[in-house]
Each structure stands twice: as C-alpha cells, then as structure tokens.
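J.: There's a structure below that I have some questions on.
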Amino acid sequence: MTRAWSPVETIRRKRDGLALTTEEIENIVRGYVDGRIPDYQMSALLMAIFFRGLDEREMTDLTMAMARSGDMLDFVDDARVVDKHSTGGVGDKTSLVVVPLVAAAGAVVAKMSGRGLGHSGGTIDKLESIPGFRASLGPEEFRRQVAEVGAVIAGQSGNLVPADKLIYALRDVTATVDSVGLIASSVMSKKIAGGARRLVLDVKAGRGAFMTDREAAVELARAMVAIGRKAGLGVVAVVTAMDQPLGRAVGNALEVAEAVRCLRGEGPEDLEELCLVLGSHMLTLAGLAPTPGEARERLSSVLRGGQALERFRRMVSAQGGDGRVADRPEEVLAAAPVRAEVRAERPGWVRSVDALAVGRLAMALGGGRHRKEDEVDLSVGVVLGAKVGERVAPGEVLATVHARTADQAQEAAAELAAAFDISGEPVAPPALVLETVS
Ligand code: URA
C-alpha cells in the first residue's frame, strides 16, 4: 500500500534544506488552490522556501504547476510574437513606448499588464488616463487587435494563474515576498500562462525597485532566464538601474504625456535609451533582426520617422481611447489643478534623486493605491526638473508637484526637496543597463 502524501512531510523536508520533488510541488499547488491545504501550512512552507531557497528544477516545477492552475492562453505560434515584462519601478512608462515601437518595426506584441500597487505604477492605470481607453477586452477583441494592429496592452482577464493570486496574497502578509525563487516563479508562471514564447525581462535594481541590491537583481534575472529556458521560451533579461525615477514624469497622465514625447523622438534620454535596448532584444528574439545592434538602428529610424507614434495612436484608438493624445496630450489628458515648485538652494550637481521617496510622494498625492480597491487620481504626480549628473544653479527648478489642493502641493514640495542630494563636485551620469543575462 502506498502511503498518502503528507504536506507536513513536505514542509519538514524543505525546512531541513532538501529539494522538493515535482510531485510534491504539484500536490502543494493543487491542494492550496482546492482549499485542502490551509493557510498555516502554506505559510510554513513559504517561510521554509524563503530561508532554504529553490533550485532551478524546483523553480521550474513551481512555475509550471502555478501556470497550469488556471487557463493557459495559446497564441497562433507566430515567430514575430514577443512579450516584455518589467519587475516594476518609479516612472517606468517603458511599455507605452516600446510596444508600439517594436510593432512598427514588424513585431507583434499582445501584452497583459497590471495596475499599480504601492510606490510603483502600473501600465493599465497610465493608459486609463486617456479618455475612453478600455483595458478590459474580450478574447475575440484581443485576438482581432493583435491581428489588425500588431499591438495590444490589456488588463489580465479570465482565470489566469489563480495559484499565484492566492500565494502572492499570502506572501504579502507573511513577509515572504522578497525571495528570488518565489518572485521568479510568480512572474514566469503568469507569462507562460499568458502564452509568451519569447520574452524580454527588465529587472530593476536600486532604491525604487523590489530588489534594492544589484547582486540580488542579477540572481533574479538569472533565475527567470533559467526557468524560461527550461520551459522552452526564448528569454533575455536586462538588469537596469532604478535608483532615480526613469525619465522625468511620475504619475499616470504625466507619464502618458512623456511617453508621447518619447515616441516623437523628444526623449527624455534615459527613457529612449531603455526602450531602444529592450526593443532591440525583442526584435532580435522575434527573428526580425540578426543582432541587437542592427535591431537598434531599425528602431531608431522607426522612432524618428513617426511610425512608432502612429502605431501608438492606432493601438489607443482600437481600444476606444482618444487618438488625439498622440498629437496634443496636454489637451486630452486630465491636468491637476495646483502646481508647486521645488527650487535648488545652492549651486551644484545632482548626486541622487531617491526614486522610492518620489514614488511614495506620487502615491500620497492620490496617484497610487494602498489597497487594490483604492481609486487613483490619474492627474497628480511629480515632474523632475533635474536628474543625476545635471548641474543646477540656485533658484533652478528641481521638481514640480502636480496636486489636487494647494495644501497637498506645499506639503509634497517640502518632502520632495529632501529626495534630492546636491553635490559641490561634478557627478557622472549613472549607468542605466547594469547587466544583460541571456
Ligand atoms: N511581481 C510578481 O508578479 N510576483 C512577485 O512575486 C513579485 C513581483
């Protein structure tokens, strides 16, 4: 007679540092989703994993067991289909630029994005600041837009990876979020269930990121690439700096306006650079360019030629949004009623701009959520006047707060001043790409 599987035994084995079998991992995931394994046993196992870690095979098994816990989407296996995912940061509006950019160069992107939670923003909230934009598309509508426009960004729909929803909620309240194995399998399960076959990951490292230190971010990047490879995906991970916000705008409508400027070829420099780097890997994975260098040349020409902006307009219009946002974003997007400026008190060079502090401020102004059900004010946020390495004169604007009320604007401006560190000596602009793992 075979003995019945015991969750207690699995918890004990992981607690003692042993690798879990494929069968144990499947039993755990299935049992937790079915409600047969209670929260206290799952919590104990997550804590054991937090301390003991998962090897590559265990991570892949966990990823696949979670991916299979709900619907598995399957796209026509067109080699041009490629996806992109960021682990989240402050001012990260890359998807708004890179999706239409690579689509204009021949790739096909069917992207599912999330909403902001905590100090980091979400692509869906940003897009919803465009009047009329619909992030919720039925499967037929989603497929039609993929075929006709080659670019779609929609919210996650259907019963995709229920295991991750449940396990993530439990990790959030048991201090087990920041584990490389658990993050890697959570992210990759959603990408695999969403039908991705080729994927570029932007793994953020620094003050405003999940992984504050570079080594941990590289470890996470390696783990995700390894899982992807074992699951048969083409994956490249780029580890990028998130010590200061990306670009200058932080806040939903403000970021859309900045993305439109970038699609017009008007920068900001770091945002354009990151979009070209990620886009080059996407185009190469999709087989549309022999090397990232050649892909980059093609993308630069599509950006300068206006085709990327035109593709953005088509994508937005196809999803019900006001396409005039591509011409006159400031007339179409909601603007906050009050502005307050933070000015430099002394001359110098910007040494750092604390991304976490700026992200928290934008959230406190009403631009983010503390809980999933919170409403967001799409118009508020912060626009940086100076970034790391730039020289400032006394009285020069370091940042502008966009707020609902004068009191909120003044309070935020006072706090924002503390997010800037000004040096008396010149400061070199920081590196954006820290490492590439493929
Ligand atoms: N993002 C995810 O999707 N999962 C994690 O565990 C962390 C960040």
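J.: Beta carbons within 10 angstrom, averaged per residue: use that to sort the peptides 50-60, 257-267, highest first.
T.: Listed from highest to lowest mean packing, they are 257-267, 50-60.
J.: Cross-link list Lys84/Lys387; Lys14/Lys84; Lys93/Lys230; Lys111/Lys204; Lys126/Lys230; Lys14/Lys111: which exceed 28 angstrom alpha carbon to alpha carbon?
T.: Lys14/Lys84; Lys93/Lys230; Lys126/Lys230; Lys14/Lys111
J.: Sticking with this one: Which Cα, out of Val218, Gly106, Ala344, lies furthest along the positive dipole direction of the chain (beta carbon charges, K/R +1, D/E -1)?
T.: Selected residue: Gly106.
J.: What is the magnitude of the charge dipole of the chain about its Cα centre, with +1 placed on the Cβ of each Lys and Arg, -1 on the Cβ of each Asp and Glu, and no other charges, expressed in debye to the nearest 20?
T.: That gives the chain a dipole magnitude of about 700 debye.
J.: May I ask you to derive the FRET efficiency for Ser352 and Ser438 from their Cβ-Cβ distance with R0 = 41 Å, giving the value to the nearest 0.05?
T.: Calculated value: 0.85.
J.: Quick check: at a probe of 1.4 Å, how many percent of the accessible area of the range 7-53 sits on carbon and sulfur atoms? Present the calculation step by step, with values, prior to reporting the outcome.
T.: Working: 1350 of 2550 Å².
Ligands and nucleic acids excluded, carbon and sulfur reach 53 percent.
J.: Given the DSSP H assignment, sum -39500 (n - 2.57) over each helix run of at least 4 residues in the chain and divide by its residue total; what's the result at 222 nm in deg cm²/dmol, nearest 500?
T.: Details: 17 runs with 195 residues, N = 438.
Helices in the chain give a 222 nm mean residue ellipticity of -13500 deg cm²/dmol.
J.: Answer with one residue from Leu365, Gly320, Gln307: the one whose Cα lies farthest towards the positive end of the charge dipole of the range 290-423, charges on Cβ with Lys, Arg +1 and Asp, Glu -1.
T.: Most positive-ward Cα: Gln307.
J.: Cβ under 14 Å from Ala79's Cβ, Ala79 left aside: what net charge do those residues give with Lys, Arg +1 and Asp, Glu -1? Don't jump to the answer; show the numbers that get you there.
T.: Working: positive: Arg80, Arg197, Arg198; negative: Asp77, Asp78, Asp83.
Overall, the nearby charge balance is 0.
J.: Considering Cα pairs under 8 angstrom that are at least six residues apart, work out the relative contact order of the range 81-329 and quote it in whole percent.
T.: Relative contact order, the range 81-329: 30 percent.
J.: Related question: Who wins for biggest fluctuation among Asp270, Asp377, Asp39 in a Gaussian network model of the chain, springs between alpha carbons below 10 Å?
T.: Highest fluctuation among the options: Asp39.
J.: Give me the net charge of Ser379's neighbourhood, meaning all other residues with Cβ under 13 Å from the Cβ of Ser379; Lys, Arg count +1, Asp, Glu -1. Before the final figure, lay out the partial values.
T.: Working: positive: Lys126, Arg339, Arg404; negative: Asp125, Glu128, Glu255, Glu330, Glu375, Asp377.
Overall, the nearby charge balance is -3.
J.: Would you work out which of Val277, Ala184, Ala414 lies farthest towards the positive end of the dipole of the chain? Charges go on Cβ: Lys and Arg +1, Asp and Glu -1.
T.: Of Val277, Ala184, Ala414, it is Ala184.
J.: For the range 231-247, just list the computed ³J(HN,Hα) in residue order, Karplus coefficients 6.51, -1.76 and 1.60, θ = phi - 60°, integers in Hz, with x standing in for Gly and Pro.
T.: 8, x, 9, x, 10, 10, 10, 10, 8, 10, 6, 9, 7, 10, x, 7, x
J.: On the Cα set of the chain, report Rg and Dmax in Å, please.
T.: 22.0, 81
J.: Per-residue counts of other Cβ atoms within 10 Å, averaged by peptide: what ranking do you get for 429-435, 407-413, highest first?
T.: 407-413, 429-435
J.: Sticking with this structure for a sec: If contacts are Cα pairs under 8 angstrom and at least 6 residues apart, what is the relative contact order of the chain in percent? The partial results should precede the final answer.
T.: Values: 939 pairs, mean separation 84.0, N = 438.
Relative contact order, the chain: 19 percent.
J.: Then there is this: Using the Cα centre of the range 1-102 as the reference point, and only Cβ charges (+1 on K/R, -1 on D/E), how large is the resulting charge dipole? Debye, rounded to the nearest 20.
T.: 360
J.: At 0.36 nm per residue, and after removing the present C-alpha to C-alpha distance, how many nm does the segment from Tyr40 to Leu170 gain when stretched out fully?
T.: 45.8 nm
J.: Scan around Val392 for amide H atoms under 5 Å from its own, H built in the peptide plane at 1.01 Å from N, and keep only partners 5 or more places away or cross-chain.
T.: Those qualifying (amide H under 5 Å, at least 5 residues apart or on another chain) are Gly348, Trp349, Val350.
J.: Taking only Cα atoms of the range 202-291, what ratio of Rg to Rh do you get with Rh as the Kirkwood inverse-distance radius? Don't jump to the answer; show the numbers that get you there.
T.: Working: Rg = 14.9 Å, Rh = 14.6 Å.
When Rh is taken as the Kirkwood radius, the ratio is 1.02.
J.: Order of 68-74, 81-87 by packing, highest average Cβ count within 10 Å first? Show your work: numbers first, answer last.
T.: On the way: 68-74: 16.3, 81-87: 24.4.
Answer by packing, highest mean first, reads 81-87, 68-74.
J.: Once R0 is set to 45 Å, what does the formula 1/(1 + (r/R0)^6) return for the Cβ-Cβ distance between Asp213 and Arg324, expressed as a FRET efficiency to the nearest 0.05?
T.: Details: r = 43 Å, r/R0 = 0.97.
Efficiency at R0 = 45 Å is approximately 0.55.
J.: Please find the FRET efficiency linking Asp421 to Glu148, where r is the Cβ-Cβ separation and R0 is fixed at 30 Å, and quote it to the nearest 0.05.
T.: 0.05
The values are calculated or read from the model by the stated rules, or taken from the named source; none is laboratory data. Quick caveat, the model's predicted, so the values are computed rather than measured. Every residue, glycine as well, gets a Cβ built from its backbone with ideal geometry; the counts of neighbours run over all protein chains shown. Calculation scope for accessible area: heavy atoms of the full protein, side chains included, ligands and nucleic acids excluded. Shrake-Rupley method; radii C 1.70, N 1.55, O 1.52, S 1.80 Å.
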